[in-house]
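The structure appears right after this line, and notes come after that.
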Amino acid sequence: MQKKDLKINRRAFIEATAVLGAASQMWSGAGVSPALAATAGDMTLEDMTALAEHYYSGLGYSPVKPSPVISNAEFNGGLNYDEDGMGAGATRSVYVVQPCARVEDALTPDKPGTLPLFTVLGFYPAEESTRQHRTRDLLTFMTVTAGLDPKRLRITTTDLARPLFPEFNSFGISAAQIRVQSLEKARAAGSGSGWFEPKGHPNKPAYASYSIEYVMSDGTEIEIADVGVEPVPPHHGGGAIGLDRMTMARNDRLAASGHETSTFKQAVEAEASRSGKPLPPGYYTILGLPQPG
C-alpha cells in the first residue's frame, strides 16, 4: 500500500471542545449507529471523536469540560500534557475530550504519528467497575465499534497486567502480541508502557499501566492508548485513547506533522488571546522559534 499523508481537519473541532458535550449531543440527536460508522470509508478526527463520545456515553459515562491548551504549570512548557486529573473526585464514570501538546515530541517530529497538537479521549470509570470490565469496554470500542483489526494490535506492559491477558486473548490478541518488559524499565521511562509517571507532572500520577499499539499495513507502529491496570484513586483504572492516532489506524494512513503546525499555532494564540495569558515557552519550542528575551 502506498503511504499517503492524512490531513486531519481539526480547526472546528478545537473550537467545539470548548462546548461541553457538543459531539455527544450531535450524535445522540442524530441517532447514528456506531456499527454503521465503523463500516464507512475514511474517517476524520471529528468522526472518530463523535464515535468515541457516542460509545462511552452509551456505557453511562458523562462528559466533563476539557482544560485549556495553555496550562498554569511550568511543566511541559506551559502546555497541557494530557487528561490526567480530569476525573478526580468524580462519583460517576466520566470522560473528557482533551486537546494536548507535548514539548518532548518536538525532539522527535519524524516519529510516526507525532503531531504538535493532538486530542485524547480520557475516560475515568466508576470505582466499582472491574479492570476486566474496563478492558472489555475499551477493546470493544477499538475492534468492534471503530473497526480496528485485533491482529494488528500490540500490548506493551509488565507482569502487573498479567491478570488482564485472558481478556486480551478473548479479543484475538495472542500472547505473541503482548510485550512484557521489566517493571524497573517501565518505571524508569514512566511513559505508560507498563507504568505511567512523567517526571515533573504537576498531578504526580504514578500507576501500573499498559499501552496499546497498532501496526499499519506498511509495518509502521503507532501507540493509540495508555490505560491504568488497577483501580487506584483518582484514576480507577482509567486511561486515554489517542483520537488522532485511532483515526490514522482506522484509515491505515499516517498524518504528517507539518500539516498540523499552523493549527497548533492558531489554537495556542487563540487561547492566549481569550485568556489574557502570555504565549507559553512550549509554544516557541514546538514551533522552533527563539524564546522571547
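The values are calculated or read from the model by the stated rules, or taken from the named source; none is laboratory data. The structure presented is a predicted model; accordingly, all values stated were derived computationally and were not measured. FYI the Cβ positions are ideal-geometry reconstructions off the backbone, even for glycines, and counts take in every protein chain you see. Side chains are part of the model used for accessible areas, which takes the heavy atoms of the whole protein and leaves out ligands, DNA and RNA. Shrake-Rupley method; radii C 1.70, N 1.55, O 1.52, S 1.80 Å.
In the range 168-190 there is at least one residue matching the filter, namely being closer than 30 Å to ALA73 by Cα, open to solvent by less than 10 Å² (accessible area, probe 1.4 Å), at pLDDT below 90 and out of contact with any helix residue (DSSP H, G or I) (no Cβ under 9 Å at 6 or more places or on another chain). Is it the case that the range 132-148 has a residue that's surrounded by fewer than 17 Cβ atoms within 10 Å (Cβ to Cβ), part of a loop (DSSP other than H, G, I, E, B) and either within 18 Å of the chain's Cα centre (by Cα) or in contact (Cβ under 8 Å) with a residue 60 or more places away in the chain (or both)? No, every residue in the range 132-148 fails to be surrounded by fewer than 17 Cβ atoms within 10 Å (Cβ to Cβ), part of a loop (DSSP other than H, G, I, E, B) and either within 18 Å of the chain's Cα centre (by Cα) or in contact (Cβ under 8 Å) with a residue 60 or more places away in the chain (or both). Given (1) closer than 25 Å to PRO66 by Cβ; (2) open to solvent by less than 10 Å² (accessible area, probe 1.4 Å), identify the lone condition not met by ALA161. Against the list (1) closer than 25 Å to PRO66 by Cβ; (2) open to solvent by less than 10 Å² (accessible area, probe 1.4 Å), ALA161 comes up short only on (1). Would you confirm whether or not the range 264-283 contains a residue that is of a type in the set (Ser, Thr, Tyr) and modelled with pLDDT under 95? Yes, the range 264-283 contains at least one residue that is of a type in the set (Ser, Thr, Tyr) and modelled with pLDDT under 95. ILE155 satisfies every condition listed in (1) in a strand (DSSP E or B); (2) out of contact with any helix residue (DSSP H, G or I) (no Cβ under 7 Å at 6 or more places or on another chain); (3) not polar (S, T, N, Q) except (2). When the range 111-129 is filtered for residues that are touching a residue at least 24 places away in the same chain (Cβ under 8 Å), part of a loop (DSSP other than H, G, I, E, B) and open to solvent by 10 Å² or more (accessible area, probe 1.4 Å), the ones remaining, listed by number, are PRO112, PRO116, ALA126, GLU127, SER129. Of all residues in the range 265-288, those satisfying the criterion of being part of a loop (DSSP other than H, G, I, E, B) and open to solvent by less than 80 Å² (accessible area, probe 1.4 Å) are GLY276, LYS277, LEU279, PRO280, GLY288.
The residues of the range 172-207 include none that are over 22 Å from the mean Cα position of the chain (by Cα) and among the aromatic types (Phe, Trp, Tyr).
Scanning the range 80-109 for residues that are within 29 Å of VAL215 (Cα to Cα) and touching a residue at least 60 places away in the same chain (Cβ under 8 Å) turns up TYR81, ASP82, GLU83, ASP84, VAL97, GLN98, PRO99, ALA101, VAL103, ASP105, ALA106, PRO109.
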